[in-house]
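Here's the structure, in structure tokens; my notes come after.
The values are calculated or read from the model by the stated rules, or taken from the named source; none is laboratory data. In this text, all values refer to a predicted model and were calculated from it rather than measured experimentally. Positions of Cβ are backbone-derived with ideal geometry, glycine not excepted, and every protein chain shown enters the neighbour counts. When the accessible area is computed, the model is the full protein with side chains, heavy atoms only, and any ligands, DNA or RNA have been set aside. Shrake-Rupley method; radii C 1.70, N 1.55, O 1.52, S 1.80 Å.
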Amino acid sequence: MTRTDPAYLLENVTYLYGDKKVLDIAHLAIAKGSITGLLGPNGSGKSTLLKLLAFAMRPATGKIFFNGRREYPFSPNIRSRVTLVTQKPYLLRRTVYENIAYGLQIRRDTADIQTRIRRALARVGLAYEGFAHRQWHALSGGEAQRVAMAARLILKPKVLLLDEPVASVDAQSAALIRQAALAARKNWGTTLVIASHDLAWLFDCSDTQISINNGTLFSTGMEIIIPGPYTTGRQGLTKILDNSQCIVLPPAARSGKAAIIRREKIHLTTGRETDNRYDNQLKGQIQSMHMTGKQQEIMTTIAVPEMTFMLGLDPELTGSLLLQPGKEVFLMFRSQDIVWR
Amino acid sequence: MDFILEGFVKAVFLLIRLDAATFTAISATLKASTWAMAASLTAGLPMGFVLGYFDFPGKRPLRTLVDTLLALPTVSIGLIIYALISSQGPLGEFGLLFTITGIAMGQTLLALPVIIAITAATVENIDPDLKLTLVSLGAAKLNIIRTCLWEVRYGIMAGAVTAYGRVLTEVGISMMVGGNIKYHTRTITTAIALETSKGQFADGIALGLVLIFIAFCVNICLSVLRKK
């Protein structure tokens, strides 16, 4: 292991469910201490990738290196360093105290355990006095997720993998979980890999974004995946969104590929254009707008039927178009800018 | 109907007077069933866990075999054990026939499929997220097995109580292997069978009450443990 080794290096990794290949990654490197955002539709392979990174499963083929060294499930080198929080965490049939203490107890690292549990609970906004001795079944969904997070944070992990950690919790719990995750990097240099549908948060906090679809990675996160099914009709190959809208696609070289368009190829207007420069003109509505500190852009989420587009807009443009959440906008792009990968 | 009431009254007297024959039968029953449960849990829990947790070739036929053994008649088990431990059998030299140990062996065979089948079914139903959680908290393989068993302890305890119920109430094995020898291998159930055949309902009812009381105590203990 050298200082320059990435936290993770995946080479030619595949994973199969039965005969179906659900993950196929030729190469992926994740830098130490970085925050990586995983984007992609449901069923795209995000959870499978996170489980492989957590060494909870063995890949069908390929190698996973951790800190420059090839590792396998149950290796002592990764057991105390990598941890995963899932969307619906499983709490052991015990008290909150015992749930949080579990990881330390199996490591026989129980010195000053009560103070550490108190601190771990405080990190996720739970008071020791009110929660430590509650049973697992006496917690709300948000509290259970925060306890699961505290059970990982007490281990001071080198890698914290978060699989939709705030998808099914209330807004207050979500804010506390996000805050605790980011504090882990700040305090201990923890590497974070986060899969979330909260694109605004993901773009704001992550150093790198990776898009994933059908188990294949797109390295930059600048791509928008137009998921199937695709339909062949009078207009050629299309992705039907609803009764009135569809995306016109270029002919596919072969099946099994995903339609991808880069964000910068999409133009946003507040009215339909009459010339035929853009054969795709989708009507949508702004869902949220969020200033990103890193790129000095306004990350704007636009919902069209069945899809969400996330665009980084110039603050001047948003000002001139008087954009605001709830406003109706049009997304313009050419089918020839869509690629199959 | 009077003889039933009379039986109840006499039963209370027998128990209060600490009747020797009654209490040796209770003692024999408790000894044999305790040994049988200890042995069947020791062997059955790991076997049930392996059968429920892991996938391996031949798992399905093995499950079917275990499920079939659940319905094994006690007299058949008695016959098998008798054949094994009688003087002509392969274990004849150990002199186990007509002993409490012999009865415990048969009862172990009776309880084992129950423990294996219920443990396997309980383990099969473990939430898949439990293993993922344990791995993500840094648990080693042995920690995972221990914690999984602990997480499903109530299901396994229910299995153990079911098995204990079978062991406590069986007659066939105790009669065939134990020989129903007074003050030695006479158990509660063989005593009830004998006393009833002789028309001594009071003794039978007294012992029946004790059986119900033991079952009640076991379930109370289980209930207290669950609350904890």
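Here are the numbers:
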| read-out | value |
| --- | --- |
| Boolean, B:R186 is of a type in the set (D, E, K, R) and not in a helix (DSSP H, G or I) | yes |
| Spans of strands (runs of 3 or more DSSP E) in segment A:193-293 with at least 1 residues open to solvent by 70 Å² or more (accessible area, probe 1.4 Å), at pLDDT below 85 and of a type in the set (S, T, Y) | A:231-233 |
| Residue within segment B:4-13 that is touching a residue at least 40 places away in the same chain (Cβ under 8 Å), outside any helix (DSSP H, G or I), closer than 28 Å to B:V218 by Cα and in contact with a helix residue (DSSP H, G or I) (Cβ under 6 Å, 6 or more places away or on another chain) present | no |
| Enumeration of residues in segment B:187-204 that are open to solvent by 40 Å² or more (accessible area, probe 1.4 Å) and touching a residue at least 24 places away in the same chain (Cβ under 8 Å) | B:F201 |
| Complete set of residues in segment B:92-150 that are over 30 Å from B:I77 (Cα atoms), touching a residue at least 24 places away in the same chain (Cβ under 8 Å) and open to solvent by less than 10 Å² (accessible area, probe 1.4 Å) | B:C148 |
| Members of segment B:71-92 found to be closer than 24 Å to B:I115 by Cα and among the hydroxyl-bearing types (S, T, Y), listed by number | B:T74, B:S76, B:Y82 |
| Qualifying residue in segment A:159-177 (condition: over 20 Å from the mean Cα position of the chain (by Cα) and either open to solvent by 30 Å² or more (accessible area, probe 1.4 Å) or closer than 12 Å to A:T83 by Cα (or both)) | no |
| Boolean, B:R166 is part of a helix (DSSP H, G or I), open to solvent by 60 Å² or more (accessible area, probe 1.4 Å) and within 14 Å of another protein chain (Cβ to nearest Cβ) | no |
| Meets criteria (among the polar types (S, T, N, Q), surrounded by 20 or more Cβ atoms within 10 Å (Cβ to Cβ), closer than 17 Å to B:R186 by Cα and touching a residue at least 24 places away in the same chain (Cβ under 8 Å)) for B:T24 | no |
| Per-region count, segment A:21-75, residues open to solvent by less than 30 Å² (accessible area, probe 1.4 Å) and of a type in the set (D, E, K, R) | 2 |
| Wholly enclosed helices (runs of 4 or more DSSP H) of segment A:35-143 bearing at least 3 residues within 14 Å of chain B (Cβ to nearest Cβ) and under 22 Å from A:R185 (Cα atoms) | A:46-53, A:76-79, A:96-106 |
| Selection count, segment A:144-192, where residues are within 14 Å of chain B (Cβ to nearest Cβ) and assigned to a strand (DSSP E or B) | 5 |
| Set A:V22, A:V96: member being touching a residue at least 60 places away in the same chain (Cβ under 8 Å) and among the hydrophobic types (A, V, I, L, M, F, W, C) | A:V22 |
| Those residues of segment A:312-333 which are assigned to a loop (DSSP other than H, G, I, E, B) and more than 18 Å from A:Q296 (Cβ to Cβ), in sequence order | A:L322, A:Q324, A:P325, A:G326, A:K327 |
| Lone unmet requirement of (1) more than 20 Å from B:D127 (Cα to Cα); (2) crowded, with 18+ Cβ neighbours inside 10 Å for A:I100 | (1) |
| Yes/no for A:G130 being open to solvent by less than 50 Å² (accessible area, probe 1.4 Å), without any contact (Cβ under 8 Å) to a residue 60 or more places away in the chain, in contact with a Ser or Thr (Cβ under 7 Å, 6 or more places away or on another chain) and small (G, A, S) | no |
| Matching option when the condition is surrounded by 14 or more Cβ atoms within 10 Å (Cβ to Cβ), in contact (Cβ under 8 Å) with a residue 12 or more places away in the chain, of a type outside the set (K, R) and touching a strand residue (DSSP E or B) at 6+ places or on another chain (Cβ under 7 Å), among A:I78, A:I113 | A:I78 |
